[in-house]
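The values are calculated or read from the model by the stated rules, or taken from the named source; none is laboratory data. Predicted model, so just to flag it, every value in this text is computed and none were measured. Here Cβ is always computed from backbone atoms with ideal geometry, including for glycine, and neighbour counts include all displayed protein chains.
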Amino acid sequence: MELSREMQQAALPPHPGRKFWNRKRREELAAWLFVAPEVIGMLLVSVFPLVFSLLLSFADWNLVGGLSTIRFIGLDNFRELMTDGKFLKALRNNVLFTAVTVPAGIVIALIMAAVIQAKVYWKSYFKIAFFIPYICSTVAIAAVWSALFHPSKGPLNQFLRSVGIENPPLWLVDTTYAIAAIMIIYVWQIIGYKIVIFIAGLSNIPDELYESASIDGATGIRQFWHITLPLLGPTTFFLTITSIISSFKVFDLIKFLTGGGPDYASTVIVYQIYEEGFQRFHMGYAAAMSWVLFLIIVLVTSVTWIAQGRNVHY
């Protein structure tokens, strides 16, 4: 029986001109060369600092002393954090900041988005108007709000005095109201982004659902509660996760408006990391703080993710 053509070719010895760098391998090499700059950049910009900061969290290092002064001290940095009054106060401020700004921002943005989508003409104008603070310079925003919150000459306190409040809050220079003032500015700054996202989610809800509900006699509130809210679940979840992460990273407003004061009343973890690392040059201690912050964000977002998954399942 004659061998098939394929079997005959397989039985032949390798072609003497065949090389290791054949066409397939050359294409693979070209692909890796195209990807290499991105991979190398990611390693240098992301992976290396991450690993280095993890190692530093177990070390004592004064930044001005150079790499030769790095001294590994084990878990001493983390033990010190648990008894550091400034860090614990910054942690409490951060938790309070997140607990207030995340739900407040989402609720206000959802209501405003629903009103703009259903009841307002010139929707594009309002979307742009509310979105402008989100893309404006934080320095400019801080300058405007510092004037608004001025204890004696600010228009806000002048209005409060005009309506009979003799001793209005001192806001940014008041240990009680400093963090509240930062919250107000923060929610105002990011509300436009959330409104735009919610309006995009509302645009994807079919009008037929509202028409059917209207025919069945459902009021606007019942339609909002039983149609709008459930169908905006994925959008709300996305904004919740991103808002939690963003609230734990707030820094610029505090840096420009209060500097963490007065008496650490507006200090949060990121600002505390900045002070320890780049003002006191305690890089090991700052790295330990950053990893504690990372674990807190992972824990909070994981709990939110699990809760959302259970709601979807049931």
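Scanning segment 152-179 for residues that are surrounded by fewer than 16 Cβ atoms within 10 Å (Cβ to Cβ), farther than 17 Å from Ile254 by Cβ and at pLDDT 90 or above gives Pro155, Gln158, Phe159, Leu160, Arg161, Ser162, Val163. Applying the criterion of at least 2 residues that are hydrophobic (A, V, I, L, M, F, W, C) and modelled with pLDDT of 90 or more to the helices (runs of 4 or more DSSP H) found wholly in segment 215-262 leaves 233-248, 252-257. When Phe20 is tested against (1) modelled with pLDDT under 85; (2) part of a helix (DSSP H, G or I), exactly one condition is not met: (2).
Exactly one residue among Tyr210, Tyr186 is assigned to a helix (DSSP H, G or I), of a type outside the set (Lys, Arg), surrounded by fewer than 18 Cβ atoms within 10 Å (Cβ to Cβ) and in contact with a helix residue (DSSP H, G or I) (Cβ under 6 Å, 6 or more places away or on another chain), and that residue is Tyr210. Restricting segment 69-92 to residues that are of a type in the set (Val, Ile, Thr) and assigned to a helix (DSSP H, G or I) leaves a set whose member that is farthest from Val268 (Cα to Cα) is Thr69.
Scanning segment 49-68 turns up one or more residues that are touching a Lys or Arg at 6+ places or on another chain (Cβ under 8 Å), surrounded by 10 or more Cβ atoms within 10 Å (Cβ to Cβ), modelled with pLDDT of 80 or more and assigned to a loop (DSSP other than H, G, I, E, B). Considering only residues in segment 275-290 that are of a type in the set (Phe, Trp, Tyr) and surrounded by fewer than 19 Cβ atoms within 10 Å (Cβ to Cβ), the one that is farthest from Asn93 (Cα to Cα) turns out to be Phe281.
Residue count for segment 147-166 satisfying the condition of being of a type outside the set (Ser, Thr, Tyr) and in a helix (DSSP H, G or I): 9.
So, Tyr193, is that one crowded, with 18+ Cβ neighbours inside 10 Å, more than 15 Å from Met112 (Cα to Cα), modelled with pLDDT of 90 or more and out of contact with any Cys (no Cβ under 7 Å at 6 or more places or on another chain) or not? For Tyr193, the condition - crowded, with 18+ Cβ neighbours inside 10 Å, more than 15 Å from Met112 (Cα to Cα), modelled with pLDDT of 90 or more and out of contact with any Cys (no Cβ under 7 Å at 6 or more places or on another chain) - is not met. Here Gln272 meets each of (1) polar (S, T, N, Q); (2) surrounded by fewer than 19 Cβ atoms within 10 Å (Cβ to Cβ); (3) closer than 27 Å to Thr69 by Cβ with one exception, condition (2). Please work out if Tyr193 is part of a helix (DSSP H, G or I) and within 14 Å of Leu253 (Cα to Cα). In short, no. Of the residues making up segment 136-177, those that are touching a residue at least 60 places away in the same chain (Cβ under 8 Å) and among the charged types (D, E, K, R) number 1. Taking every residue in segment 81-92 that is buried (at least 17 other Cβ atoms within 10 Å of the Cβ) and pairing it with any residue that is outside any helix (DSSP H, G or I) and polar (S, T, N, Q), at least 6 positions away or on another chain, the pairs with Cβ-Cβ distances below 6 Å are Ala90/Thr267. Against the criterion of being aromatic (Phe, Trp, Tyr), in contact (Cβ under 8 Å) with a residue 24 or more places away in the chain and either in a loop (DSSP other than H, G, I, E, B) or within 29 Å of Val144 (Cβ to Cβ) (or both), Tyr285 does not qualify.
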